[in-house]
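Notes for the one structure printed next.
Please treat every number below as a calculation from the coordinates, not as lab data. Fair warning: this is a prediction, and the values are worked out from it, not measured in the lab. Using ideal geometry, Cβ is built from the backbone for each residue, glycine included, and neighbour counts are taken over all protein chains shown.
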Amino acid sequence: MNTSGSSRPAAKSLNARGKLLLVWAATVLVLLGMVTAAVVRTGPAPRTDFLASLQSQWEGQPEAAPAPAASVPRAAVDVDTEIKRILAENPGYRVGVVLADTHGGEPRSYGDGTEFVAASTAKIITAAAYYHLVETGEKSLDVPLGSYDAAFQVKAMVNASSNDAWLLLMEDIGYPKLIEYAASIGISYDPEQNLLTPAEMAEVLKQLSSGKLMNAEHTQELLGYMQQTNNERLIPAAVGPDITVQHKYGELEGYVHDAALLSSGERSYALAIYTWGEDGESEERLAVIHQLTDVVARALRE
């Protein structure tokens, strides 16, 4: 019997069934893959928060900040124009203003440049004169003067504007010597009349700042007394903490003055503002002094 002929159809049938099985197996695998993928996509959140934290960090990132706008250059302060405008807007007051760069150059004067009753601003001249006599050996800060010593009286005269201390120091110096000292620094001053121009007061401050009036120790001592005085409502009230103010104010029968050194970095101005009016230290008068000071302070920051 020829067996080879009967086996070939069987092989063909087996091959067909095998192919069918392979097709079904492939189909099942595909279906299982789809189900598995669906389960993975819709399954419970993973136990770890790492991915969630990354997502939250990404979502929490701020949008890129826009490029900063180009800074606008600060306009230069036109000191002359602004001060003249302020004076013109306040014709009810007699005002004299002098601004001097302590490092040199001609001072700039505005308004009334004639003499005013100097009130207590002239106490700086008395203080400088007393320190001068101490340095020449004619006086001492340690000697009794009134109920205290001379050093106490100088501080009280400048920092607290004590008139009693002023009288004691002027009498101890002697009026003739005080007049002589003022003339030696280029100032025409008679303590019995107590008259000064704003320019003369600015000149005193300029010389004080440059160390021309006394030695370094006494200069720093006097400048220290001119800070945080018992009246900071005038020039000091119109400048920011970036500017150092050393000043001496004066008030007497309608006269309200302030004279100050304003310093920022390496720059320093002497500013004298003398005013007269019928209202004393009113809010309106203070506003005028503050406006004038603000112009100078802005110029100092340039």
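Key figures
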| quantity | calculated |
| --- | --- |
| Among 184-197, 110-123, the order from most to least packed when residues are scored by Cβ within 10 Å on average | 110-123, 184-197 |
| Violating pairs (Cα-Cα greater than 27 angstrom) within the set 177/212; 123/212; 177/248; 84/123 | 84/123 |
| Rounded FRET efficiency, nearest 0.05, which uses the C-beta distance separating residue 94 from residue 294 and R0 of 25 Å | 0.75 |
| Label zone at residue 147 (point 7 Å along Cα-to-Cβ), backbone N below 18 Å, segment 98-135 | none |
| Cβ-based net charge around residue 179, under 10 Å, with every Lys or Arg adding one and every Asp or Glu removing one | -2 |
| Size of segment 79-301 as Cα extents on the principal axes (Å, biggest first) | 49, 38, 29 |
| For segment 137-234, diffusion coefficient by Stokes-Einstein and Kirkwood Rh (Cα), 20 °C, 1.002 mPa s, µm²/s | 148 |
| Global geometry of segment 169-282, whether rounded, prolate or oblate, following the gyration tensor of its Cα atoms and the 1.5 cut on a/c | oblate |
| Net charge of neighbours whose Cβ lies under 10 Å from the Cβ of residue 100, counting Lys and Arg as +1 and Asp and Glu as -1 | -1 |
| Placed amide H near residue 196: partners under 5 Å, 5+ positions off or other chain | 116, 118 |
| Spin-label pair residue 233/residue 81, simplified geometry with 7 Å Cα→Cβ offset, distance in nm | 3.4 |
| Fewest-first sequence of 173, 273, 235 by Cβ atoms within 10 Å of each Cβ | 173, 235, 273 |
| Cut-off under 5 Å, modelled amide H: who pairs with residue 102 long-range | 268, 269, 270 |
| Relative contact order of segment 79-301, defined on C-alpha pairs under 8 angstrom at six or more residues apart (%) | 27 |
